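A.B. asks: Right, I'll just put the structure down here and ask away after.
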Amino acid sequence: MRNHEAEKSPVKIGLLQRHATDNAEFEGHPFERAENTGKKIAVVGAGPAGLSCAHRLALLGHEVEVFEAQPKAGGLNEYGIAKYKLTENFAQKEVDFILSIGGITVHYDRALGKDISLSTLKEEFDSVFLSIGLQDTSSLYLEHEDNDSVLNSVDFIKELRQATDIDQLDIPKDSAIVIGAGNTAIDIACQLKRLGTEEVTLVYRRGEAQMSATGHEQQIAKNHQVRIKTWSQPEKINLDEQGKLRSMTFSKTYLDQDKLKSTGEQFEVPCSAVFKAVGQKMAYPQTEQLIPTISNGKVATFHNQLTSIEGVFAGGDCTGVGQDLTVEAVQQGKLAALAIHQELTSSEEK
């Protein structure tokens with residue numbers, strides 16, 4: 001007998017893949033490298049896109065050197081996801097699995113524009129893949145935003161994930177405000193509640209329907225008793241006479257023919273800390289002499305993830321392709337690797 005109720009629900013392919021991968025028993029590595037091609041490729045950034053590209057290039061027989069600005073690989077999986085979501089060193093276990101294919105060397109604490117340059121990499125390697133991510137945080141453009149109690153959510157999550165003693169961190173005890181509407185905003189709000197912050201208010205200038213965080217993530221926040229205040233736009237960061245953060249002032253908003261406007265009504269929310277989660281942006285090193293075309297603040301890519309510079313490809317969050325999702329970053333890394341392989345092998349045949 002067919003279960004018609006079950007047919008109404010979508011198959012959760014991601015969870016099935018996760019279960020199959022986590023429970024698979026391999027004898028050695030499940031992938032076997034092709035014969036060494038003698039080609040060397042530089043990958044800048046060891047996040048999902050960079051690791052995906054490096055793994056596929058190694059699989060195809062190339063030697064890959066990865067240059068990572070941080071002390072660990074993994075990108076946002078290591079530094080940008082709330083600690084309660086990824087436990088037991090999960091991200092590094094996946095990095096170790098990827099690197100175990102062989103042919104990949106990772107250089108840590110090597111930042112583009114500081115320790116390495118694109119022009120040098122282009123000279124020393126047969127091809128280059130840029131996966132530098134989004135290093136900067138968008139601003140609220142408010143007075144007193146530089147106050148010590150106004151923090152970037154991604155930086156705080158990074159600090160928390162790498163901390164060996166959480167008690168050494170400055171966790172707000174009474175109240176905190178989170179500005180934003182994405183998964184990072186949800187992450188930091190829930191993390192604060194788990195760390196003991198009594199009152200956490202997530203504030204967004206539009207409605208719940210416009211939040212980029214999924215309905216599932218929004219429900220997680222509600223389950224953590226996070227207060228979600230929508231249709232509210234930041235106006236002021238208020239300090240007391242000693243310069244200590246006291247509260248934030250917001251104005252109520254509404255949509256007028258798809259344009260956000262203020263009703264003129266304002267309200268104040270007391271807080272001892274503010275966490276900005278209003279989006280990240282790319283900061284291409286100003287010290288670099290070789291700069292690919294930048295479009296809308298991100299590296300422009302063309303056919304097969306190729307940039308405006310010959311032999312230089314890009315993928316992941318630093319490009320304007322896709323929706324800044326891990327699965328898309330991984331796919332872009334793989335597609336770039338295949339394009340690099342095709343370019344290098346076809347040049348040999350000519």
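A.B. asks: Answer rounded, prolate or oblate for the stretch 291-350, using the Cα gyration tensor with square roots of eigenvalues a ≥ b ≥ c: rounded when a/c is under 1.5, else prolate when a/b is larger than b/c, else oblate.
C.D. replies: Oblate.
A.B. asks: With a ≥ b ≥ c the root eigenvalues of the C-alpha gyration tensor of the stretch 52-101, is it rounded (a/c under 1.5), prolate (a/b larger than b/c) or oblate?
C.D. replies: The shape class here is prolate.
A.B. asks: While we're here: Any chance you could give the angle, 0 to 90 degrees and rounded to 10, that helix 13-23 forms with the longest Cα principal axis of the chain?
C.D. replies: Its long axis makes an angle of about 60 degrees.
A.B. asks: While we're here: What per residue convex hull volume, in Å³, do the alpha-carbon atoms of the stretch 206-276 yield?
C.D. replies: On the way: hull volume 7.2 nm³, N = 71.
Each residue corresponds to 101 Å³ of Cα convex hull volume.
A.B. asks: With a 1.4 Å probe and all protein chains kept in place, how do Asp167, Asp115 rank by accessible area, largest first?
C.D. replies: Working: Asp167 135, Asp115 70 Å².
The ordering from most to least exposed comes out as Asp167, Asp115.
A.B. asks: Show that you can apply the helix-only estimate: for the chain, add -39,500 (n - 2.57) for every DSSP H stretch of four or more residues, divide by all residues, and state [θ] at 222 nm to the nearest 500.
C.D. replies: That calculation yields -9000 deg cm²/dmol at 222 nm.
A.B. asks: Further question: When the chain is treated as a GNM, springs tying every alpha-carbon pair under 10 Å, which of Pro270, Pro30, Pro172 comes out with the largest mean-square fluctuation?
C.D. replies: Largest GNM mean-square fluctuation: Pro30.
A.B. asks: Something else now. Note down the net charge around Gly196, summing +1 for each Lys or Arg and -1 for each Asp or Glu among other residues with Cβ under 12 Å from its Cβ.
C.D. replies: Numbers: positive: Lys173, Lys193, Arg194; negative: Asp167, Asp174, Glu198, Glu199.
Charge balance in the 12 Å sphere: -1.
A.B. asks: Can I ask one more? In whole Hz and in residue order, list the ³J(HN,Hα) couplings for the stretch 120-125 that follow from phi through the Karplus curve 6.51 cos²θ - 1.76 cosθ + 1.60, θ = phi - 60°; x for Gly and Pro.
C.D. replies: Here the 3J(HN,Hα) series is 5, 4, 5, 6, 8, 10 Hz.
A.B. asks: Angle check, please: helix 153-162 long axis (alpha carbons) against the longest principal axis of the chain (alpha carbons), in degrees 0 to 90, nearest 10.
C.D. replies: Between the helix axis and the principal axis of the chain, the angle is about 60 degrees.
A.B. asks: Skipping prolines and chain starts, which residues have an amide H placed within reach, meaning under 5 Å, of the one on Phe275, given they are 5 or more residues away or on another chain?
C.D. replies: Leu151, Ile177, Val178, Ile179
A.B. asks: Okay, moving on. Let me check something: with ligands and nucleic acids excluded, how do Lys261, Lys244 order by accessible area (1.4 Å probe), largest to smallest?
C.D. replies: Listed by decreasing accessible area, they come as Lys244, Lys261.
A.B. asks: Taking the Cα atoms of the stretch 215-338 alone, what are Rg (to one decimal) and Dmax (as a whole number) in Å?
C.D. replies: Looking at the stretch 215-338, its Cα Rg and Dmax stand at 20.8, 60 Å.
A.B. asks: To one decimal place, what Kirkwood hydrodynamic radius in Å is obtained for the stretch 106-159 from all pairs of distinct Cα atoms?
C.D. replies: Evaluated over the stretch 106-159, this radius sits at 14.5 Å.
A.B. asks: Net charge within 11 Å of Glu143 by Cβ-Cβ distance, Lys/Arg positive one each and Asp/Glu negative one each, not counting Glu143 itself? Mind showing how you got there, number by number?
C.D. replies: Working: positive: Lys236; negative: Glu145, Asp146, Glu235.
With Lys, Arg at +1 and Asp, Glu at -1, the net is -2.
A.B. asks: Please identify, among Gln135, Gln191, Gln289, the residue showing maximal mean-square fluctuation in a Gaussian network model of the chain using a 10 angstrom Cα cutoff.
C.D. replies: Answer for the Gaussian network model of the chain: Gln289.
A.B. asks: Over the chain, what is the percentage of antiparallel beta bridges among all DSSP beta bridges, to the nearest 5?
C.D. replies: On the way: 21 of 54 bridges.
Percentage antiparallel, nearest 5: 40.
A.B. asks: Regarding the stretch 151-290, what's the average projected area of the Cα-atom convex hull, expressed in nm²?
C.D. replies: Its average projected convex-hull area is 11.9 nm².
A.B. asks: Then there's this: How far apart, in nm, are two points set 7 Å out from the Cα along the Cα-to-Cβ line at Phe31 and at Glu145?
C.D. replies: 4.0
A.B. asks: Of Lys40/Lys114; Lys12/Lys173; Lys12/Lys122; Lys276/Lys334; Lys222/Lys281, which pairs sit farther than 30 Å apart, going by alpha carbon to alpha carbon?
C.D. replies: Lys12/Lys173; Lys12/Lys122; Lys276/Lys334
A.B. asks: If you compute Cα Rg over 2.2 N^0.38 Å for the structure shown, which of (1) 1.11; (2) 1.32; (3) 0.94 do you land on?
C.D. replies: (1)
A.B. asks: Please list, ordered by chain and number, the residues whose modelled amide H lies under 5 Å from the amide H of Phe67; skip anything fewer than 5 residues away on the same chain.
C.D. replies: Distant-sequence amide H within range of Phe67: Val43, Val44, Gly45, His107.
A.B. asks: Any idea what angle helix 48-59 forms with the longest principal axis of the chain, computed on alpha-carbon atoms, 0 to 90 degrees, nearest 10?
C.D. replies: 10
A.B. asks: Each residue of the stretch 297-310 in order: what ³J(HN,Hα) in whole Hz does its phi give by Karplus 6.51 cos²θ - 1.76 cosθ + 1.60, θ = phi - 60°, with x for Gly and Pro?
C.D. replies: Karplus values, whole Hz, x for Gly and Pro: x, 9, 5, 7, 10, 10, 4, 6, 6, 6, 8, 6, 9, 4.
A.B. asks: For the pair Lys173 and Lys229, how long in nm is the line joining their label points, each one 7 Å along Cα→Cβ?
C.D. replies: Calculated label separation equals 2.3 nm.
A.B. asks: Sticking with this one: First select every other residue whose beta carbon is under 14 angstrom from the beta carbon of Arg33; then total the charges, Lys and Arg +1, Asp and Glu -1.
C.D. replies: The answer is -1.
A.B. asks: I'd like the Karplus ³J(HN,Hα) series for the stretch 230-247: coefficients 6.51, -1.76, 1.60, θ = phi - 60°, whole numbers in Hz, and an x wherever there's a Gly or Pro.
C.D. replies: 9, 6, 9, 10, x, 10, 9, 9, 9, 10, 8, 5, 8, x, 8, 4, 10, 5
A.B. asks: Stokes-Einstein at 37 °C, 0.692 mPa s, Kirkwood radius from Cα pairs: D for the stretch 15-89 in µm² s⁻¹?
C.D. replies: Result for D is 228 µm²/s.
A.B. asks: What translational D, rounded to a whole number of µm²/s, comes out for the stretch 165-239 from Stokes-Einstein when the hydrodynamic radius is the Kirkwood one over Cα pairs, at 10 °C and 1.306 mPa s?
C.D. replies: Details: Rh = 12.7 Å.
For these conditions, the coefficient is 125 µm²/s.
A.B. asks: Then there's this: Specify the residue with the greatest mean-square fluctuation among Leu325, Leu121, Leu134, computed from a Gaussian network of the chain linking alpha-carbon atoms under 10 Å apart.
C.D. replies: It is Leu325.
The values are calculated or read from the model by the stated rules, or taken from the named source; none is laboratory data. Everything numeric here is computed off the predicted structure, so don't read it as measured data. Here Cβ is always computed from backbone atoms with ideal geometry, including for glycine, and neighbour counts include all displayed protein chains. The protein model used for the area step is the full one, side chains on, heavy atoms only, and it has no ligands, DNA or RNA in it. Shrake-Rupley method; radii C 1.70, N 1.55, O 1.52, S 1.80 Å.
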